1. Which angle between 0 and 90 degrees, to the nearest 10, do you get for helix 25-42 versus the longest principal axis of the chain when only C-alpha atoms count?
2. How big is the stretch 3-63 by the Kirkwood estimate over distinct Cα pairs, in Å?
3. Using only the alpha-carbon atoms, how far is helix 8-17 inclined from the longest principal axis of the chain? Give it as 0 to 90 degrees, nearest 10.
4. V96's amide H: which non-local residues (gap 5+, or another chain) put their own amide H closer than 5 Å, with H modeled 1.01 Å from N in plane and none for Pro or chain starts?
5. With a cut-off of 8 Å between alpha carbons and a minimum separation of six or more residues, what is the relative contact order of the stretch 29-111 in percent?
6. Where in the stretch 19-80 are there trypsin sites (Lys or Arg not before Pro) that are in a DSSP coil and have at most 13 other Cβ atoms within 10 angstrom of their Cβ?
7. With axes computed from alpha carbons, what is the tilt in degrees of helix 80-90 against the longest principal axis of the chain, rounded to the nearest 10 within 0 to 90?
8. Can you give the longest run of the chain that contains no GluC sites (Glu not before Pro) sitting in a DSSP loop with at most 16 other Cβ atoms inside 10 Å?
Amino acid sequence: MITNEVTLSDFFQEFKRYDRDNFTREGMNALYNYLYDLSEDIGQDIELDVIALCVEYTEYKTVEEIVEQYDHLLSDTSDNEKVLEELREHTTVIDVTDVNDNVVGYILVEL
């Protein structure tokens with residue numbers, strides 16, 4: 001198999017080529033970094049499949065937005081930190097940060 005390492009710029013271009021705007025710029029940075037690190041951790045290449053990524057991962061701007069989607073699965077929705085902690089027990093939660101490293105959203109692997 002012949003593989004090609006994808007740069008962040010390539011990652012952005014591939015989403016543009018497929019006309020997908022499922023993620024903010026910060027979200028795409030976070031997803032790219034997560035997938036790159038995951039590939040390094042597992043010692044395997046990860047195929048860039050834009051459609052699959054758009055199905056498997058969803059970006060949320062706030063914890064409240066996540067609660068609206070998953071409140072039926074969460075035991076305690078009164079505290080944002082508890083919500084994130086509980087979600088991290090069941091799925092991958094990727095923090096989306098801005099250039100100052102402030103959390104501006106979250107990407108979840110769909111439950």
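1. Helix 25-42 sits roughly 70 degrees off the main axis of the chain.
2. It works out to 12.2 Å.
3. Tilt of helix 8-17: around 90 degrees.
4. V104, G105, Y106, I107
5. On the way: 82 pairs, mean separation 28.2, N = 83.
Rounded, it is 34 percent for the stretch 29-111.
6. Those satisfying the criteria are K61.
7. 60 degrees
8. Numbers: sites that count: E5, E47, E110.
The longest such stretch corresponds to 48-109.
Any read-out appearing in this document is the output of simple, stated calculations on the displayed coordinates, not a laboratory observation. Only a predicted model underlies this, so the values are computations on that prediction, with no experimental measurement involved. Using ideal geometry, Cβ is built from the backbone for each residue, glycine included, and neighbour counts are taken over all protein chains shown.
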